[in-house]
Amino acid sequence: VILLAGSLLIPSALQAVDNQLSPSTAKPKAVENLAGPNTPSEKSWLKKTSAASDMVEVEADKLDVYKSKGEAFFQGNVKATRDDMLLKSKTLRLFYDNTTKKVKQMTAAGAVFIRWQDKDATCNEATYLFNEKKMILTGDVVMVRGEERITGQRVIMDMASDHQIVEG
């Protein structure tokens, strides 16, 4: 299952959220081509968008969509990418505005790994607040940049200013 969020784009079998792909253009098997970390992906069947920086591309084994709640729940081998950020976890919840289809928040849980800029982090749960450009990492947080290493139970990061608050 692949979903591009920013304006939600889903293969036709999952049109409960959005109807932007026609059945003849959806190719869910393209997910298989995205399995390897350095494998080029086939994205040509997805609708082109103008604001690449707002897009979140998500791959997972399973997707449940709760349209009335404005929520998409990904499970199993989750991989999400946005600009220069990569996130891997067991589950991922995207919360979006039903009117605009813009993602407001995403929360990853279970063996979370995040790579952005020149940093790597692991934790139990990570929440990204899109409007505030903040990321909150909780549970056995370890952040590494080169030889620098920060650990704590909770880290709040302002992604715009690159300011971090470490607790515990």
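Just so it is clear, none of the values below were taken in a lab; they were calculated from the coordinates. This one's a predicted model, so the numbers in the text were calculated from it and none came from an experiment. Glycine also receives a Cβ, built like all others from the backbone with ideal geometry; neighbour counts cover every protein chain displayed.
Between V166 and S68, what is the FRET efficiency for a Förster distance of 45 Å, r being their Cβ-Cβ separation, to the nearest 0.05?
E between V166 and S68, to the nearest 0.05, is 0.75.
Wrap a convex hull around the Cα atoms of segment 51-92, take a quarter of its surface area, and give that in square nanometres.
Computing the convex hull of the Cα atoms and averaging its projections yields 3.1 nm².
What is the dipole size for segment 95-154, taken about its Cα centre, with +1 at each Lys and Arg Cβ and -1 at each Asp and Glu Cβ, in debye to the nearest 20?
Rounded to the nearest 20 debye, it is 280 debye.
Here is the link list: K62/K119; K62/K88; K62/K133; K69/K104; K62/K134; K67/K90. Which ones come out longer than 19 Å on Cα distance?
The answer is K62/K119; K62/K133; K62/K134; K67/K90.
For the ranges 81-89, 111-119, 145-153, what's the packing order if you count other beta-carbon atoms within 10 Å of each residue, average per peptide, and put the highest first?
Peptide ranking by packing, descending: 81-89, 111-119, 145-153.
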